[in-house]
Structures are given as C-alpha cells and as structure tokens.
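Have a look at the structure below, then the notes.
The values are calculated or read from the model by the stated rules, or taken from the named source; none is laboratory data. This structure is a prediction, so every number in the text was calculated from the model and none was measured. Cβ sites come from the backbone with ideal geometry, for glycine too, and all protein chains shown count toward neighbours.
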C-alpha cells in the first residue's frame, strides 16, 4: 500500500496529457510501450494503428510535404506554448472588489494567456458564451508578449510586480517584418485554450476588421472545426466616415463559431424583454417566470368560428363577450368579434387567464353595454423564446460605436474605444444565454461585457455570470483617462463595473425591480495574476554542483512564500484542485483546527501548521471529495502521514471508486 498522500500539482491543466488521455479513451489499442534513447520503457502512439482505426488506409499523400491548412513562422512555438502548463496563481484583491464573499463574477487582471491556462481545470467545458474584441492589427501598436519561454516573468516585470532588466511586452506595428505573424502567434494559443472552456452548446463571437478577418477565419476553422462555423455577421460601426482612400469603412465583422454544431441552440430572432413586466407567483412549472398580459380579444382577428365566440364569466357574476351582432349559440357573422382562443383551449388553460377590472373595455355584457372587465392571457417569455423560429439578420445596424462612447462617458469615465453594451446584450439574447450561464471576455477593455451582463440581468431578472480578463495596459500620459487618474485599462474596467452596480442599486424602484434585485448578483471579485505562492522545484542534472543541490534543498524545507496570506494559499489551491474561485467557502473548526469548507464540504482544506490524527479521523468521518493539507504540517512524522493515508484508504474501501476521498498535500 502506498503510504504517501498525493501531491497537489502546482501547475495549470496539462493540455498535452489531457489530450492524450482523451485519445486513449477512444483508441486504447493505439497506445503501446517503446524504449526511449535511455533504454527506458515509455508510452507511445502507434500511428499506423491509429490510421487504421480511423479508416485512413491510403498513404498516397503521406510522402508529400504539402498539406491543406494555414502555416506561418512561429506556429510550432505557439503550439508548444499551449502545451506548457502555467506555474502562476491568481491572488485575491478584496479592496478592489464589490461583495467579494458572495459574488460569482470575476475580473482578472493579467496576461490573458496565463489566465486562460489557470482557468482550464475549474472552467473546462462550463462557459456558454465568449465574446472578444481583440486588437485589430491596424498598423498601430498593440501589446504583445513575445517571450514564449518566460511569459509569466515577462508579465510580472511588465506589470511592475518584479524588478529587473528582463523582457518587456513588445508592440506590433506595420513596419515590422513579422506583422501578421506576431498577431497570429498572439491569437492562436488564446483561441485554442478558449475553445476548451466552452460548453458543448457554447458559442464564441469575435469582433474583427478587414486587416485580419481572413487569417482569423482560417485559424478558427483549424481550432474550432470548419463544420462549427455558423456565420460572419457585419456590424455598422458608424453612420458616416470620411476616412479611407477608397472605401470609407463603416462596419466590422463578427466571426461566430460553436463548440459543437450538433449541440448548439439555433439563434433566436429577438424579443422585447422589457414588455414582459410580470413575475409568476403561483405554484407550478412557471413560478418565477416573466410574463406579460395580452388581451384575449383583438379586433384584427376575423373569422366565423363559433368555437371562438363564447361568454366568459367575470368575478362580479356578469358575463362578457367581444362586440358583435350575434350571440352563442348562433354562428358568428363576419364582423363579429371573436376571442383568440377556442372554448376548449380556454377551459384547458384557465390558469393562464386573468380577468381584470378596467376603466375602459371594448367588451360588452349581456345587455350590450360596455363591460367593466377585460380578459387577458399570460404570455410567458420562456415560451416565446423556446417556440420562436425567427432568426437574427446577419447585418447588424442598431449597435454603433457611438452608443458605447456615450455609455461609458455617461458614467463619468473618459474612454474613446468602448463597444456598446447593447451589442453584447444582443449577442447574449440571440445565443440564448440562460439564467445562470457564464459569459467570458478575455480582451475585456473597459468592461463592456460586464456592463451588458449586469444590465440584462436587471432587465429580465436573470443571474448570468461574467469572467473578464484584462492586461493592465498603461494609459498614455496625454489621454483624458490618465488625466482623470486611471493608470491603466484594467483600472478603467474595474471602475466602470463599480459605477454600473452603483447605478443599478440607486435606480431600483418599482416592485418588480426590487423582486429581481433580491436575487441579482451585484458584485465582482478582483484577482491579479502573480507568481505562485509555492516555490517550484527546479530540475537538476548530474552536472549540478553539490553546493547548488544543497541550496535548492534548503529552499524547499519551507516552499511556501512567507509573504503569502492564508487567503492567497486558499485560492491558489482551489484553482489547482479544479474548484472555481467563486465557490462557497465556510470556515469551520474541526478537531480544534481551522478548516476551509469549500462547496458545501466537497473540499476540506486545512492550512494549519500542524495536523493531528484527531483531525484526520474527523475529516474522514465527514467524507469530503477531497482533503488537502500542508505537507509541512506533518513535521517529518512519516508514521502520522502513513496513518492518515491508511485512514482514508480504509474509508474508501467501503465506497464506489468515483466517490472515494482524495487525500493530497501541498
């Protein structure tokens, strides 16, 4: 029996290992063992067997170099970069957050490549919609992390988090020889990692202009699959434009891909959500759903169906009917008013009928006088969305950039390059982003996507979540934003979210507003990309001097950063154990020790500097999915550690394999 607990890996998800595991699950017979250069047995893939499994028997093209696809200098480096796990962490920043302990919204400040890697374990396959507005590569500068091998160190130095003379983030301009190459190297790994985060029914929208739309289409076809391309919409960006030597450009593109076309929902043609201004209170399948009241009689409907002309009883004992010259059981004549529903539908769906006293009604009573009542049906928003066959037009005219500029300036934030939040709301609407779905934007800019999510939740009572990632790109000193006190773009985004939340809180007025706001998530957690709180072991070879080996060993006697707070450690462990940083966290005392209970006890985490057998036994009784503690907390007591392993192993013998407790140290 293994008497050592598992060690929590200090890296993000190993994409290569994950892909190999998926391939092995599909084609186990294609994996074999071969000897490497050192004579060691290693697992390898039998490519010939794999081709046979896939039905690819023809080798007529195998000897040729030509392949259909897109290639460019640096593509191999971009692929290697995807496969390199991140050793970074995300450090919580309470003072810049709103409602930190209860919110499920995230704003992450940092290089989006590193952040996307860190999100792989906790958000793999969980995102419903991604919207990004990446640099358009117009020939002006855009920030580009050009050091593949030191991406984290490069970022830390760029953000001023470490000192030194290392590489800074570079820029890309049209006079450089690798103009398109740099842009592709920047985009490819980010899109690859983004695809992993999408749900099977998820969708990604990418804003782009003429400069890179053809290249973007080609790399997206490769990453997402050509079969998952669902269209390229045009969006009017401005009504008039005098720029340009030939055409005066006034639109950009929205490239759109699904994760899996067979799982994706068809797009929805849209609906006026604000018209659905009631919330169902009655018990039943529609409780909590939005609806609007629609008159059962409409004068525009004309036919002679006697089933649609009948009396309806009112609360005061009177009866009402649409105006007309004939009355049941006579057959109506053309011109007589009829209900929208037949008598049988009225009887079977009586729970959807509302009869209200009104000041003016176009219905009549038994004696032909104007009625004091009107009859309405409840039309539920959910049904309208589910049953709609209308599709959105691929030419978008109502969401110009001027709206975006007006929105952010109305919040008192000077910024000139903001997409309109109405565009993002529109995309959420047509792609059916549901109540508790997550929207990701990893080129967040001024946080338009967060603005859109918060506004749409206020509008329809939903509880959608957002994850935003933004590089702290400095504002130029001559910009209005810099003069207003904003040092970088990330600061602008965070302040915008705060002001949107403040406005929503201040404008809650009506009964419906108050009911919706009770469940609305009006907050966001700020995290900042930083180096790990746990020192990583640096591999040493046989030529390493003994004094260097000794130095490295001493460093790892206590491998935890002395400056790291318990909360810093908590959130790093959450990420690397596969839990989201928005999980519900409670602090409990178990066997006299402080323990973090995550996701209602699914993970129990003890960061105390000493563990006891009493704690181990108490945790085993609680049967969490995982228990993690500090390796140093055993203080070199191998017998205590072995007893802990055996305690959990004994408990696991009574459980199904998928329910067993995982015991790890860090």
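Here is how the numbers come out for the structure above:
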{"quantity": "Among (1) under 25 Å from residue 111 (Cβ atoms); (2) without any contact (Cβ under 8 Å) to a residue 60 or more places away in the chain - the single one residue 248 does not satisfy", "calculated": "(1)"}
{"quantity": "Criterion: at pLDDT 80 or above, assigned by TED's automatic domain parsing to the domain that holds residue 182 and either surrounded by fewer than 16 Cβ atoms within 10 Å (Cβ to Cβ) or touching a helix residue (DSSP H, G or I) at 6+ places or on another chain (Cβ under 7 Å) (or both) - qualifying residue of 144, 124, 136", "calculated": "124"}
{"quantity": "Failed condition for residue 508, given (1) in contact with a helix residue (DSSP H, G or I) (Cβ under 6 Å, 6 or more places away or on another chain); (2) modelled with pLDDT of 80 or more; (3) farther than 21 Å from residue 466 by Cα", "calculated": "(2)"}
{"quantity": "Boolean, residue 603 is touching a helix residue (DSSP H, G or I) at 6+ places or on another chain (Cβ under 9 Å), buried (at least 18 other Cβ atoms within 10 Å of the Cβ), more than 25 Å from residue 472 (Cα to Cα) and modelled with pLDDT of 65 or more", "calculated": "yes"}
{"quantity": "Conditions (1) at pLDDT below 95; (2) in contact with a strand residue (DSSP E or B) (Cβ under 8 Å, 6 or more places away or on another chain); number of the one not met by residue 551", "calculated": "(2)"}
{"quantity": "Filter result (within 27 Å of residue 196 (Cα to Cα) and in contact with a strand residue (DSSP E or B) (Cβ under 9 Å, 6 or more places away or on another chain)) within region 33-48", "calculated": "43, 44, 45, 46"}
{"quantity": "Selected residue [within 21 Å of residue 275 (Cβ to Cβ) and in contact (Cβ under 8 Å) with a residue 40 or more places away in the chain] from 379, 422, 365, 449", "calculated": "379"}
{"quantity": "Which listed residue is outside any strand (DSSP E or B) and in contact with a helix residue (DSSP H, G or I) (Cβ under 7 Å, 6 or more places away or on another chain), from 205, 246, 267", "calculated": "267"}
{"quantity": "The one condition in (1) modelled with pLDDT under 95; (2) in contact with a helix residue (DSSP H, G or I) (Cβ under 7 Å, 6 or more places away or on another chain); (3) crowded, with 20+ Cβ neighbours inside 10 Å that residue 182 fails to fulfil", "calculated": "(2)"}
{"quantity": "Enumeration of residues in region 2-25 that are within 23 Å of residue 560 (Cβ to Cβ), over 25 Å from the mean Cα position of the chain (by Cα) and in a loop (DSSP other than H, G, I, E, B)", "calculated": "4, 5, 8"}
{"quantity": "Residue check for residue 198: without any contact (Cβ under 8 Å) to a residue 60 or more places away in the chain and under 21 Å from residue 439 (Cβ atoms)", "calculated": "no"}
{"quantity": "Residue within region 56-65 that is farther than 30 Å from residue 183 by Cβ, surrounded by 11 or more Cβ atoms within 10 Å (Cβ to Cβ) and modelled with pLDDT under 75 present", "calculated": "yes"}
{"quantity": "Those residues of region 415-427 which are surrounded by fewer than 23 Cβ atoms within 10 Å (Cβ to Cβ) and at pLDDT 90 or above, in sequence order", "calculated": "422, 425, 426"}
{"quantity": "Residue ID - surrounded by the most Cβ atoms within 10 Å (Cβ to Cβ), chosen from residues in region 511-529 that are modelled with pLDDT of 70 or more and more than 14 Å from residue 97 (Cβ to Cβ)", "calculated": "529"}
{"quantity": "From 291, 192, residue being in contact with a strand residue (DSSP E or B) (Cβ under 9 Å, 6 or more places away or on another chain) and buried (at least 16 other Cβ atoms within 10 Å of the Cβ)", "calculated": "291"}
{"quantity": "Check on residue 227, farther than 25 Å from residue 70 by Cβ and part of a helix (DSSP H, G or I)", "calculated": "no"}
{"quantity": "One residue from 82, 108 being in contact (Cβ under 8 Å) with a residue 24 or more places away in the chain, touching a strand residue (DSSP E or B) at 6+ places or on another chain (Cβ under 8 Å) and either surrounded by fewer than 16 Cβ atoms within 10 Å (Cβ to Cβ) or closer than 18 Å to residue 155 by Cβ (or both)", "calculated": "108"}
{"quantity": "Region 278-328, subset part of a helix (DSSP H, G or I) and within 20 Å of residue 368 (Cβ to Cβ), residue modelled with the lowest pLDDT", "calculated": "306"}
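Conditions (1) in the same structural domain as residue 121 (by TED's automatic domain parsing); (2) within 30 Å of residue 628 (Cα to Cα); (3) exposed (fewer than 10 other Cβ atoms within 10 Å of the Cβ); (4) modelled with pLDDT under 80, marked per residue:
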site	(1), (2), (3), (4)
2	no, yes, yes, yes
5	no, yes, no, no
10	no, yes, no, yes
15	no, yes, no, no
25	no, yes, yes, no
